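This report refers to the structure that appears directly beneath it.
The values are calculated or read from the model by the stated rules, or taken from the named source; none is laboratory data. Everything numeric in this text was worked out from a predicted model, so none of it was measured. Cβ placement follows ideal geometry from the backbone for every residue including glycine, while neighbour counts extend to all protein chains displayed.
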Amino acid sequence: MGELEVRDDVFCVPEKSDLVHQVFVSQLANKRQGTAKTKNRSEVSGGGAKPRPQKGSGRSRQGSIRSPLWVGGGRAFGPSPRSYRKKVPKTMRRLAILSLISDRVRNGNLILVDGVDDLEARTKAAVGFLGGLKVDESALIVTDEVKNNAVKAFQNIQRVETTHAQVLNALDLINKKKLIMTVDAVKRVEALWGGVYKGLVETHQPAEDVESVGVTESGNLDESGTTISEHDSIVLEELQLSTRTLNILKGAGLDKVGDVFGQSKTDLLKIKNFGEKSYIELQSKLNVYGFLTENLHPENKQPSDDADAKGGI
């Protein structure tokens, strides 16, 4: 058991479920071959002559046996070769990965190990390795580079996969409950994607059930929170507000966090369509991201509003 200091912009990225879903769907779509094909009426053979007279038989009028109405005829609106590929920017794919890794840290599902270099290429060795970590669920083992012994050892174990940092993707992370990373893999991930996330990071205590090597983070926010001068330039989109609340605030001319702190609760509730529910959402988001209520300027706390507004946000 030990400690490892990691980057906040890699292991403390806020949850981005919408982004993860978009990347997840795109990966599933990109796996589709899109080669399904059926013949339409112009491609099936036969049917050059009219099968029966137009009138007199008492049956329906038919012009060709290649019609979709006939057995052996062409298919109407059948599948044809196409590409299901969805293009997702590289930055979005990387942010989805960072969000999922950070989620494993928050839920205590990230396990760090010194390495798997000494692991024998035997299934028995892999079972003993997982037993030592008390892992009996699906797991993804991430190394810094391809480890042939590890690949051979875990290939016969169901619900366990191995990969390396260079090809780590959102689909593999979603499909596995536990994430097992080597220390070298952590350093490689930080080298690859450190600095990709430009928003606010969450600070929290390390998970208690992290095995072998504990994860510790050095937060960017001090214990007293963030001062007013620091969030003058931060836009409201960074708070991950709901679309409705964000549009209401921006429609009222409040584009940055500093603009919101210039308003009391009474002033905010006077904004059209901005009600108590929106106020609670805004207040909770500000608290989550470290913008505490004590950071308000004294002039923003109006005595008449203290009874109902409790000094603003």
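Things to note:
- Residue that is farthest from the chain's Cα centre (by Cα), among those in the stretch 260-288 that are in a helix (DSSP H, G or I) and among the small types (G, A, S): S278
- Residue under evaluation S102, criteria (1) of a type in the set (S, T, N, Q); (2) not assigned by TED's automatic domain parsing to the domain that holds L171; (3) not in a loop (DSSP other than H, G, I, E, B), criterion not met: (2)
- Some residue of the stretch 114-133 being within 17 Å of L173 (Cα to Cα), in the same structural domain as N148 (by TED's automatic domain parsing) and either in contact (Cβ under 8 Å) with a residue 24 or more places away in the chain or touching a helix residue (DSSP H, G or I) at 6+ places or on another chain (Cβ under 7 Å) (or both): no
- The sole residue among K90, K50, K16 that is modelled with pLDDT under 95 and farther than 30 Å from K285 by Cα is K50.
- Residue match in the stretch 92-103 (condition: in contact (Cβ under 8 Å) with a residue 24 or more places away in the chain, of a type in the set (V, I, T) and over 30 Å from T162 (Cβ atoms)): no
- Selection count where residues are among the aliphatic types (A, V, I, L, M) and in contact with an Asp or Glu (Cβ under 9 Å, 6 or more places away or on another chain), scope the stretch 144-172: 3
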